[in-house]
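Below is one structure, written out as structure tokens, with a few remarks after it.
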């Protein structure tokens, strides 16, 4: 049997720390059985051990790297970089840098995680910051959307980088052999939107990259699942993600109000209880939790700070899927090809 | 009794033409009783008369301006401008220009309506095209969002124009004496987002405009109703609007699937039928239909092309509310004040 592969965990991150992260590790360990994975738990040894005590079988799969230092959710990224050395988050990312771990997972402060990851692992792509990926429930399963918040302004080349990375990510995590890719715009005609969108459109359409590019898509297409991967800049992606979250929350609250507004409604809701539970689970952000930071020399996955143990386990599964796939090689090969395309770019808006 | 005020209707627009627009006029006429409003119906006289024949009382409130020409939904705006003269849409907007009507309502081709309105009425604000407003259902009633699609790139001054126009619109239509206003961004801190957002933020915060400005808001805040009016550029607003539409459609389809997945679920849904109907009505886009084109010298309201008669009636009510309010005067006064602010602008990012 080959050596086990290690996933480094920032056990102290998120709203609840070890009381959620360790049960999350336990759940992930059960789901990853047979894939030869171990865990490096970074953080307060006593608190971690107290949680681990519940299951010897899980504890046997884990090593603990003690640290007193925890980066809090309001620490500015610059401060986390300067004073964060030796914190649970830092140690998890450092384990990837040293080759001890194949991936790191944290539900801590996003800005700090990006800054520390960029500092320790360096960027493989020419981006300001690692791109954040969201997995969005859709009519056909799940849509991969990036960037949802890190890179506010994006030129055409960066958007094409996102397409290359997002496509490889979707294949690694969803086992779709050839994911389809769309560029988020406000209409499907070639002349719509910003200049940089039209340029990226031309490169993706005519540049000969091995990507199944389907052209411009619109906001409605994210949940309709018309393509597997939706590419956008970090500003637009963040607004879209939060608008969708807000809409789901609003509809949820209207549903609760409707189902508690009278005896018949309450009775109906009671009888349809199983259906409502299933619906809630399907729309629960925990079900699709785990956004990798793309563009780094190494796999780092951000879990939602408010995720429960199921959500944290999902983030660990995403990390394992990406790290155990051909993700890095594919991206490297495609980036090389992009360099050739950029040396002889297709003209934006040119008729193919 | 003073002379009645006339609302000009493009009777031929939308997916269904007179079979929806005329019942919509009838419905609006009943709701506007006592407000001394008449209607100028522009389009094919025979088809309009056939629909009107059903109610003499409504027919008495209407005049017909016959036209053979209809602008179709796929006519490019430039072509609509060149060859659209005398069409039902053109005649409706021209009635506003000539002072015959206080407002025009059309559910036809948006691009054509914008181009014809801009050509005939001219812009009152320094915009490429009229800004499109969306009314968004929220926890506190309705959020006014603009621009949702017309002006792709917006500098700080245009965003401030939107704030002035959107605030006056919200007051006119929702009878809120002092609507609160927010600027859509990806975080609430002063240094977040694009340069033009930070500049607009500084003008709105420190420029002394009579607007209850509450700072940056995020995508989740559109449906939470934390402010009455959300300001954004046409690209971001369009993506946000369509993402919310897609999310609502996705959740609706998941709900239908859940409630038809088994006998108990079906029974529960049957019993909770009233609640589900109420919920559907609350989330129905027809309930909040009617997006005015802001920034013109005159009131033009776009109805959704697929709206039913209730939706079209709502668009007419929006037109009447805006046209019969102090909307134009307020905007004029605030634009004057903005000119003074821009002559001595507050520094972007300056601490107040």
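The values are calculated or read from the model by the stated rules, or taken from the named source; none is laboratory data. In this text, all values refer to a predicted model and were calculated from it rather than measured experimentally. Cβ sites come from the backbone with ideal geometry, for glycine too, and all protein chains shown count toward neighbours.
Structure summary
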item: Options B:152, B:173, B:133: the member that is in contact with a helix residue (DSSP H, G or I) (Cβ under 7 Å, 6 or more places away or on another chain), modelled with pLDDT under 95 and in a strand (DSSP E or B); result: B:133
item: Any hit, region A:268-279, residues being more than 17 Å from the chain's Cα centre (by Cα) and not in a helix (DSSP H, G or I); result: yes
item: Boolean, residue A:95 is closer than 16 Å to residue A:7 by Cα, in contact (Cβ under 8 Å) with a residue 40 or more places away in the chain and assigned to a loop (DSSP other than H, G, I, E, B); result: no
item: Leading residue by the ranking (nearest to the other protein chains (Cβ to nearest Cβ)) among those in region B:204-219 that are crowded, with 19+ Cβ neighbours inside 10 Å and closer than 21 Å to residue B:148 by Cβ; result: B:219
item: Out of A:288, A:301, sole residue that is in contact (Cβ under 8 Å) with a residue 60 or more places away in the chain and either away from chain B (no Cβ under 14 Å) or farther than 24 Å from residue A:147 by Cα (or both); result: A:301
item: From the options B:261, B:265, residue that is more than 30 Å from residue A:237 (Cβ to Cβ), in a helix (DSSP H, G or I) and within 12 Å of chain A (Cβ to nearest Cβ); result: B:265
item: Out of A:237, A:246, sole residue that is at negative phi, within 7 Å of chain B (Cβ to nearest Cβ), surrounded by 15 or more Cβ atoms within 10 Å (Cβ to Cβ) and under 30 Å from the mean Cα position of the chain (by Cα); result: A:246
item: Condition check for residue B:137: touching a residue at least 40 places away in the same chain (Cβ under 8 Å) and more than 23 Å from residue B:7 (Cα to Cα); result: yes
item: Test: residue in region B:71-82 that is assigned to a strand (DSSP E or B) and under 25 Å from the mean Cα position of the chain (by Cα); result: no
item: Residue B:111, sole failed condition from (1) assigned by TED's automatic domain parsing to the domain that holds residue B:172; (2) surrounded by fewer than 23 Cβ atoms within 10 Å (Cβ to Cβ); result: (1)
item: Looking only at region A:33-60, and only at residues there that are at pLDDT below 95, within 24 Å of the chain's Cα centre (by Cα) and at negative phi, the one that is surrounded by the most Cβ atoms within 10 Å (Cβ to Cβ); result: A:35
item: Filter result (more than 9 Å from chain A (Cβ to nearest Cβ) and either surrounded by fewer than 18 Cβ atoms within 10 Å (Cβ to Cβ) or in contact (Cβ under 8 Å) with a residue 60 or more places away in the chain (or both)) within region B:183-194; result: B:188, B:189, B:190, B:191
